[in-house]
């Protein structure tokens, strides 16, 4: 149940990362920007599994409006008609949609007075929430204007953003692109771009599984106590079996089987109850959440077969181990003393 809850939230976060972050990002390494003559975009587009390849232009700019200014990362993409920026960046400059914004590039151009910064003015067309992986103020603008601002040649690109048909295993495709592009190219996956968050999700799962393991261990100790009580109360019956000719190992296996069956019954009951409850809660969205705070309207539950199998195997193995002690004690008992004590 707890693992299904964690898997549900982590699955939602991963889906958001995959939707908001390019699956693969190709950048130049130790060389200048990409040019159409390189043919790299066509090579990547022809690889199986690639859905779309989009060029982008990235650089550092100063955003100014009236007497306010602040630095930001600027990225040029296709399909934009104006500037789109984060709410924190727009709030710092007190900007509203429709206002003319001036961008000052870190690049310069030659003029009769010498090198001067490249300046560009565009209207603010929208203010959108930042993507999950974004950690710095960022704005987007049309790629043609970004090339002018960064003094890049026509059709040049700072890199390519790649969308895959199946983004669950981006490392394999990244290796194929490295082999296809050759030297001077850096390829990063959506997991690389969100490495701190992905590592935090993995650590969270390890901690929760460790906690559940401790709960299983405590429950197993309770099972050991029940098996020990069963062995003590049924010692007379075990002694009778021994007198009738049953070897000590057989008597021990009887009590071992009783303890193991009790553990298996508890494991099966808990697994069925937990999976059914998780499915019902997720199917009918019985635990609502405020969408404005969590970007999701209900608590998600996701049953991962590997998680369920790990818990079931741990519980079954621990049931066998804790039942071994009482069963061995019964096998080593003194039959005469037990019969004398039971009259």
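What follows draws every value from the coordinates through simple rules; no lab data is involved. What you are looking at is a predicted structure, and each value in this text was computed from that prediction instead of being measured. FYI the Cβ positions are ideal-geometry reconstructions off the backbone, even for glycines, and counts take in every protein chain you see.
Descriptive notes on the structure:
- Extension gain from residue 210 to residue 43, taking 0.36 nm per residue of separation minus the Cα-Cα distance: 55.5 nm
- Most mobile of 50, 84, 272 in a GNM of the chain (Cα contacts under 10 Å): 272
- One quarter of the surface of the convex hull around the alpha-carbon atoms of region 1-105 equals 11.0 nm², the direction-averaged projected area.
- The smallest convex shape that holds all Cα atoms of the chain, its convex hull, gives 205 Å³ per residue.
- Cβ-Cβ FRET estimate between residue 285 and residue 81, R0 fixed at 56 Å, reported to 0.05: 0.90
- Over the chain, dividing the summed -39,500 (n - 2.57) contributions of all DSSP H runs of at least 4 residues by the number of residues returns a 222 nm mean residue ellipticity of -16500 deg cm²/dmol.
- Fully extended contour minus Cα-Cα distance, from residue 178 to residue 243, at 0.36 nm per residue: 15.9 nm
- Counting only DSSP beta bridges with both residues in the chain, the antiparallel share comes to about 85 percent.
- Semi-axis lengths, Å, region 50-205, gyration tensor of Cα atoms, sqrt of 5 times eigenvalues: 31, 21, 14
- Between region 1-29 and region 159-197, the C-alpha centres lie 15 angstrom from each other.
- Diffusion constant of region 237-343 at 10 °C, which comes from Stokes-Einstein with the Kirkwood Cα-pair radius and 1.306 mPa s, µm²/s: 91 µm²/s
- The simple Förster model, with R0 at 45 Å and r as the Cβ-Cβ distance, assigns residue 29 and residue 202 a FRET efficiency of 0.95.
- Gyration tensor (alpha-carbon) shape descriptor, region 154-210, a/c threshold 1.5: prolate
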